[in-house]
Structures are given as C-alpha cells and as structure tokens.
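Worksheet for the structure shown next.
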Amino acid sequence: MSKISGKETKPEIIVRKFLFSKGFRYRKNVSNLPGKPDIVLPKYKSIIFVHGCFWHNHNCKAAKLPDTRKEFWTKKISDNKTRDEKNRGVLKKMGWKVFIVWECEIKNKNNREKRLELLINQITQNEQLFKTS
C-alpha cells in the first residue's frame, strides 16, 4: 500500500486539465484544509475531491472488496469513509462547497464530458445567481 499515491492520480489530472481548459484556476492538494482537498477553487469557495471508488467505498463494481483479508479491508474502507464524512462536514461549516467526482464517473470517455460539465454548472451556480440579481 505504500506504493499507492494519494495525489497526481490519472482521474485527478483529467479533472484538473478539464477545469483549466475551461478557464478555472485552482490550487491542488491544499494541506491546511481538512482532508487535503485534491482541487480547491478559492474564487468559487469550492472544493473537489476526486475519489477512487475502491478506497472511498463507492457503490459501483470497482469498489468490490478483495476476497482475502476481508476484516482488514472492511475496517480500512470504513475508516476512510468516516474520515471523509467528517472532513466534508468541517469544510461545509467553514463555508466551502464540497463536490466529489468518482473515478468511475470519468473513466468512461462518453460519460466524462457530461459529468465534468455538470461539475462546472454546480460550481458556478451561486455565482450566476448573484449576477442575475
């Protein structure tokens, strides 16, 4: 497990490149925020976590636990999920909008564009409300 990197993953890079191509500027892996968010958009007060389905217990086929060491993996994934929920709660109390992009949502190129466009709409939704008022 020590060889598994928590940052600069392929899904993170895909999301960051898409955001950058649409004119968004961000900070990455901000260590002074709970959970070290993968992508922070200060201008929009938004945080994006790009979660691996297995490590963060998504309800898709990629999140299937291994057949060996079931107890270990169940506890490990459960602890990850608990920590994620706590961090999201703290960030929301701090006034951040928190978004999660799952690895399986952007793995398929056909779904990727739609999911990332939806993400942009969610991030900019509040800004658009202020402009029209």
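Rule-based calculations on the coordinates, nothing more; no lab input. Source: prediction; values computed, not measured. Glycine gets a Cβ as well: all are built from the backbone with ideal geometry, and neighbour counts include every protein chain shown.
A compact table of results
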{"item": "Residue under evaluation Trp73, criteria (1) among the aromatic types (Phe, Trp, Tyr); (2) part of a helix (DSSP H, G or I); (3) in contact (Cβ under 8 Å) with a residue 40 or more places away in the chain, criterion not met", "result": "(3)"}
{"item": "Count of residues meeting criterion [of a type in the set (Asp, Glu) and closer than 14 Å to Val50 by Cβ] in segment 96-120", "result": "2"}
{"item": "Residues that are buried (at least 18 other Cβ atoms within 10 Å of the Cβ), of a type in the set (Phe, Trp, Tyr) and assigned to a helix (DSSP H, G or I), drawn from segment 4-28", "result": "Phe18"}
{"item": "Any hit, segment 60-77, residues being within 15 Å of the chain's Cα centre (by Cα) and either hydrophobic (A, V, I, L, M, F, W, C) or at negative phi (or both)", "result": "no"}
{"item": "Those residues of segment 31-51 which are aliphatic (A, V, I, L, M), within 16 Å of Ile123 (Cβ to Cβ) and either in contact with a helix residue (DSSP H, G or I) (Cβ under 9 Å, 6 or more places away or on another chain) or surrounded by fewer than 18 Cβ atoms within 10 Å (Cβ to Cβ) (or both), in sequence order", "result": "Ile39, Leu41, Ile47, Ile48, Val50"}
{"item": "Any chance Arg83 is in contact (Cβ under 8 Å) with a residue 12 or more places away in the chain, outside any helix (DSSP H, G or I) and out of contact with any Asp or Glu (no Cβ under 6 Å at 6 or more places or on another chain)", "result": "no"}
{"item": "Residue satisfying condition, being without any contact (Cβ under 8 Å) to a residue 12 or more places away in the chain and outside any strand (DSSP E or B), within set Ser78, Ser31", "result": "Ser31"}
{"item": "Selection within segment 52-90 - under 15 Å from Pro37 (Cα atoms) and loosely packed, with under 11 Cβ neighbours inside 10 Å", "result": "Glu85"}
